[in-house]
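Comments concern the structure below.
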């Protein structure tokens with residue numbers, strides 16, 4: 001069994017967020033990046049596929065005394081949902097802009113041209129309702145809203161205006177001991193505190209609109 005040692009310094013001071021290093025891990029040539037999909041301190045290790053099992057076994061052996069536990073993609077998705085980390089193809093669907101997903105703070109509109117600037121400025125200049133990202137707390141704490149469930153305005157008879165959003169992801173959070181969801185909702189940030197209706201195949205469920213960050217530690 002190879003030891004899961006590396007040839008580089010992985011301390012927080014030497015290896016900063018979004019840094020990438022080429023090195024050896026467990027005696028295997030690797031590319032290591034300090035990235036995170038879940039908000040945790042984590043590293044991504046890329047090796048040639050023929051070395052994948054050796055690296056896996058070395059990491060499990062190295063972490064045995066710390067009760068290392070393999071997790072799947074659903075766990076990663078749950079953690080990022082609790083912290084409202086945006087996922088391309090879900091909250092970031094090609095229509096929602098950087099302001100809709102609550103990340104307008106990363107854009108400097110006073111700088112020169114950049115990819116996406118014209119589209120973003122067009123959205124802001126045109127105005128009108130936008131699909132903003134919010135959190136949802138179902139009234140039934142055991143009910144997990146399915147991805148894609150429509151959010152309906154029950155106070156209008158205009159069928160073209162009834163659908164005001166959709167659930168982008170839903171989970172039961174063991175940390176919060178209840179169900180949570182993220183959603184695109186028309187002008188959602190102005191609706192925080194309101195109750196909306198979620199339509200599913202099984203039932204109609206009410207949910208309270210809340211800030212999208214459920215846990216921020």
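The values are calculated or read from the model by the stated rules, or taken from the named source; none is laboratory data. Worth saying up front: this structure is predicted, and the values here are computed from it rather than measured. Glycine also receives a Cβ, built like all others from the backbone with ideal geometry; neighbour counts cover every protein chain displayed.
Values for this structure:
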| quantity | calculated |
| --- | --- |
| Search result, residues across the range 42-70 that are in contact with a helix residue (DSSP H, G or I) (Cβ under 9 Å, 6 or more places away or on another chain) and within 25 Å of residue 175 (Cβ to Cβ) | 68, 70 |
| Residue in the range 170-177 that is over 20 Å from the mean Cα position of the chain (by Cα) and either modelled with pLDDT under 95 or farther than 22 Å from residue 215 by Cβ (or both) present | no |
| Residue list for the range 1-30, restricted to those being out of contact with any helix residue (DSSP H, G or I) (no Cβ under 9 Å at 6 or more places or on another chain) and assigned to a strand (DSSP E or B) | 6, 20, 21, 22, 23, 24 |
| Flag if residue 80 is outside the structural domain of residue 145 (by TED's automatic domain parsing) and surrounded by 19 or more Cβ atoms within 10 Å (Cβ to Cβ) | yes |
| Failed criterion for residue 43 (all others in (1) touching a residue at least 12 places away in the same chain (Cβ under 8 Å); (2) over 26 Å from the mean Cα position of the chain (by Cα) hold) | (2) |
| Subset tally (residues that are in contact with a strand residue (DSSP E or B) (Cβ under 9 Å, 6 or more places away or on another chain) and either closer than 22 Å to residue 63 by Cα or surrounded by fewer than 10 Cβ atoms within 10 Å (Cβ to Cβ) (or both)) for the range 10-19 | 3 |
